[in-house]
Amino acid sequence: MQKEKEINNILTVAIPALNEEATVGNVITGCRNYCDDILVIDGHSRDKTVAIAHTLGARAIFDHRKGKGDAIRSAIPHIHREITVFIDADGSHDPDDIPKLVQPILENRADHVSGSRLMGGSSELHGGFDECFRLMGSSFITACINHRFGTRLSESQNGFRAIKTDVFKSLGLKEDITTIEQEMIIKTLKKGYRMAEVPSHEYKRKSGYSKIHLKKVAFRYVYSMIKYL
Ligand SMILES: Nc1nc2c(ncn2[C@@H]2O[C@H](COP(=O)(O)OP(=O)(O)OP(=O)(O)O)[C@@H](O)[C@H]2O)c(=O)[nH]1
Ligand SMILES: [Mg+2]
């Protein structure tokens with residue numbers, strides 16, 4: 001309880017959300033146990049996502065309709081606390097992992113901490129060809145990052161992360177889509193900041209639909225990796 005009080009005032013939780021009315025409420029409520037500043041970055045949802053956010057006392061802003069990366073970047077002027085936690089709105093991440101995610105920053109062991117589903121397990125990362133393709137692609141990108149920076153990260157695509165807000169703002173992020181996750185990691189390391197990972201289980205999205213069309217964007221992952229590495 002003491003620990004929760006300690007982090008409450010130094011965190012902003014930022015939640016990118018596009019048509020996630022079925023799950024965003026539970027995510028906000030779960031995060032509320034650890035943080036009283038919750039920012040929903042809405043992708044102009046056609047459902048009740050924003051209304052639910054407001055009802056639960058979260059702030060809501062809009063992205064520029066370009067994708068999740070645009071949503072993450074749109075948060076920059078609206079975050080003023082020391083540490084920012086990003087968590088998806090689809091129920092894939094467990095808000096109870098927030099203290100664990102923030103801990104390495106509080107102990108001054110890291111500037112940016114990524115949740116790892118390779119370490120914490122995943123309920124949706126394996127089984128079919130689509131998952132196999134995703135896992136191969138993301139493992140390849142992670143291996144390239146590790147080779148380039150001499151790190152030993154287990155993954156590079158998780159949307160659940162904690163980062164010092166001034167570091168986040170200094171990265172000069174450019175990506176419009178989900179390639180923003182690897183861009184954040186690469187630029188963190190390139191600028192000499194410290195990355196850490198903690199195990200975090202990834203749950204199957206609880207409802208709604210995936211916004212990622214893997215076949216359409218696969219080349220953008222490789223292109224953006226080469227560009228920033
Ligand atoms: N604001 C905003 N949020 C987005 C956009 N695209 C995706 N999101 C949110 O970003 C988070 C991750 O998107 P998902 O579609 O779940 O991507 P994913 O987790 O890689 O894919 P799944 O494994 O299929 O769930 C979710 O909370 C989405 O609602 C967007 O264009 N704008
Ligand atoms: Mg998801």
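Numbers below:
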| quantity | calculated |
| --- | --- |
| Of all residues in region 208-229 being aliphatic (A, V, I, L, M) and within 16 Å of ligand 2 (Cβ to nearest atom), the one that is surrounded by the fewest Cβ atoms within 10 Å (Cβ to Cβ) | ILE212 |
| Residue ID - surrounded by the fewest Cβ atoms within 10 Å (Cβ to Cβ), chosen from residues in region 79-94 that are more than 16 Å from ASN33 (Cβ to Cβ) and within 13 Å of ligand 1 (Cβ to nearest atom) | ASP88 |
| So VAL50, is it more than 16 Å from ligand 2 (Cβ to nearest atom), at pLDDT 95 or above and among the hydrophobic types (A, V, I, L, M, F, W, C) | yes |
| The lone exception for LEU101 - which of (1) assigned to a helix (DSSP H, G or I); (2) open to solvent by less than 60 Å² (accessible area, probe 1.4 Å); (3) out of contact with any Ser or Thr (no Cβ under 9 Å at 6 or more places or on another chain) it fails | (3) |
| Count of region 63-78 residues which are closer than 20 Å to VAL167 by Cα and open to solvent by less than 20 Å² (accessible area, probe 1.4 Å) | 6 |
| Count of region 15-34 residues which are assigned to a loop (DSSP other than H, G, I, E, B) and within 14 Å of ligand 1 (Cβ to nearest atom) | 6 |
| Selected residue [of a type in the set (Lys, Arg), open to solvent by 30 Å² or more (accessible area, probe 1.4 Å), at negative phi and in a loop (DSSP other than H, G, I, E, B)] from ARG148, ARG205 | ARG205 |
| Conditions (1) small (Gly, Ala, Ser); (2) free of Cβ contacts under 8 Å to residues at least 12 places away in the same chain; (3) within 16 Å of ligand 2 (Cβ to nearest atom); number of the one not met by GLY192 | (3) |
| Region 35-62, subset open to solvent by less than 20 Å² (accessible area, probe 1.4 Å) and part of a loop (DSSP other than H, G, I, E, B), residue nearest to ligand 1 (Cβ to nearest atom) | GLY43 |
| Criterion: in contact (Cβ under 8 Å) with a residue 60 or more places away in the chain and either more than 18 Å from the chain's Cα centre (by Cα) or farther than 23 Å from PRO99 by Cβ (or both) - qualifying residue of ARG73, ARG46 | ARG73 |
| GLU131 vs. criteria within 16 Å of ligand 2 (Cβ to nearest atom), at pLDDT 95 or above and in a helix (DSSP H, G or I) | no |
| Pairs where the first residue, in region 95-124, is away from ligand 1 (no atom under 16 Å from the Cβ) and the second is part of a helix (DSSP H, G or I) and among the hydroxyl-bearing types (Ser, Thr, Tyr), C-beta under 7 Å, 6+ apart | ASP111/THR188; HIS112/THR188 |
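The values are calculated or read from the model by the stated rules, or taken from the named source; none is laboratory data. All of these numbers come straight from a predicted model, not from anything done at the bench. Every residue, glycine among them, receives a Cβ derived from its backbone with ideal geometry; neighbour counts consider all protein chains shown. Surface accessibility is based on the protein's heavy atoms, side chains included, excluding ligands, DNA and RNA. Shrake-Rupley method; radii C 1.70, N 1.55, O 1.52, S 1.80 Å.
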